[in-house]
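*Asks:* Here it is, the structure in full.
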């Protein structure tokens, strides 16, 4: 149990619990509930965009099922790969340790999901599904990008309920105070930190609103996805630098895995967006040139027809005069 406050804003004394309720002795966590809500809302939004893009409901259902399934697997593997020592069991025989390690790895209900891994796995899965369903990946990616944002916006509040994914200690006016409360009701610890979960949730909310505004005005398929890459990559790269619980590249505590990946995603998005806009501009130039050629050809055709009419008229006039001259000669 925790007590959350925002002392610089005059907000304090908010007690939160990670457990929402218990069923048959099993704790149901707020984190899981919020993630599920995020998935449901994400699918509903994707369904509305699928109609706009002309994607069948059955195809969207298949896509949603596999993206969520492998997204969860990817989120877990990402976390395990960069924090392996947290899952390796010891103290028993070889086979006992092996089995317990496997159990630790698959026990996602005990925590340990990295959203970046879920996003990467989800989009790779979408690429495969798009190929099988023979749907342009750029169309699928445009549908998924803002949908994923909804899941991220809501999912980060699961971190809030767990009092996790916060940043380094700070004195900024909007700092968040976290007091851990022991089972006896005593304060075990107290810190004031950057509310990085809130930063990311708000950043994604702004990005989602921007996408919702221009989605139907997009210039080419993939534009929404590239915008997501740029927006999320930039925000995550900055926010990750404030986190106190980042996953690091082994042997180097200065290289945050997610921060590096976020920067790569952002740069890649910028490159892809620029390339596609240049292609669009090139097509527009070629189209304008083609229109100009067709206009010149049409003008030339009109001039030719006018000249032909004039020549025909002159020829007829000449023939008439010649005929009159011949008829006049006969009269004399």
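The values are calculated or read from the model by the stated rules, or taken from the named source; none is laboratory data. Just so we're clear, the structure is a prediction, and the values are computed from it rather than from any experiment. When we count neighbours, we look across all protein chains shown, and the Cβ atoms used for this are built from the backbone with ideal geometry, even at glycine.
*Asks:* Looking at 115, 150, 132 in this structure, which one is more than 16 Å from residue 221 (Cβ to Cβ), buried (at least 22 other Cβ atoms within 10 Å of the Cβ) and without any contact (Cβ under 8 Å) to a residue 60 or more places away in the chain?
*Replies:* Result: 115 is the single residue among 115, 150, 132 that is more than 16 Å from residue 221 (Cβ to Cβ), buried (at least 22 other Cβ atoms within 10 Å of the Cβ) and without any contact (Cβ under 8 Å) to a residue 60 or more places away in the chain.
*Asks:* When residue 214 is evaluated against the numbered criteria (1) exposed (fewer than 14 other Cβ atoms within 10 Å of the Cβ); (2) within 16 Å of the chain's Cα centre (by Cα); (3) not in a helix (DSSP H, G or I), which criterion, by number, is the only one it fails?
*Replies:* Here residue 214 meets the rest and fails (3).
*Asks:* Related question: Would you check which residues across segment 240-264 are within 29 Å of residue 49 (Cα to Cα) and surrounded by fewer than 21 Cβ atoms within 10 Å (Cβ to Cβ) and list them?
*Replies:* Within segment 240-264, 261, 263, 264 qualify.
*Asks:* Hey, among 138, 201, 190, which residue is farther than 30 Å from residue 279 by Cβ and either part of a helix (DSSP H, G or I) or without any contact (Cβ under 8 Å) to a residue 12 or more places away in the chain (or both)?
*Replies:* 201
*Asks:* So, one more: All but one of (1) under 30 Å from residue 252 (Cα atoms); (2) more than 18 Å from the chain's Cα centre (by Cα) hold for residue 121; which doesn't?
*Replies:* (2)
*Asks:* In segment 75-101, which residue that is part of a helix (DSSP H, G or I) and modelled with pLDDT under 85 is farthest from residue 148 (Cα to Cα)? Step through it out loud before you land on a result.
*Replies:* Going through segment 75-101, the residues part of a helix (DSSP H, G or I) turn out to be 75-82, 84-86, 94-101.
With the extra rule that they be modelled with pLDDT under 85, the set shrinks to 82, 84-86.
On the way: 82: 23, 84: 27, 85: 30, 86: 28 Å.
In this case the residue turns out to be 85.
*Asks:* Show the residue pairs meeting these rules: Cβ distance below 8 Å; 6+ apart or different chains; first residue within segment 15-35 and free of Cβ contacts under 8 Å to residues at least 12 places away in the same chain; second residue surrounded by 15 or more Cβ atoms within 10 Å (Cβ to Cβ) and not in a strand (DSSP E or B).
*Replies:* 19/30
Let's see how each residue does on (1) closer than 21 Å to residue 211 by Cβ; (2) touching a helix residue (DSSP H, G or I) at 6+ places or on another chain (Cβ under 8 Å):
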site: 84; (1), (2): no, no
site: 102; (1), (2): no, no
site: 108; (1), (2): no, yes
site: 116; (1), (2): yes, yes
site: 132; (1), (2): no, no
site: 142; (1), (2): yes, yes
site: 146; (1), (2): yes, yes
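*Asks:* Could you check how many residues of segment 102-112 are touching a residue at least 40 places away in the same chain (Cβ under 8 Å) and assigned to a helix (DSSP H, G or I)?
*Replies:* 1
*Asks:* Oh, and also: Any residue at all in segment 1-20 that's crowded, with 18+ Cβ neighbours inside 10 Å and part of a helix (DSSP H, G or I)?
*Replies:* Within segment 1-20, none of the residues are crowded, with 18+ Cβ neighbours inside 10 Å and part of a helix (DSSP H, G or I).
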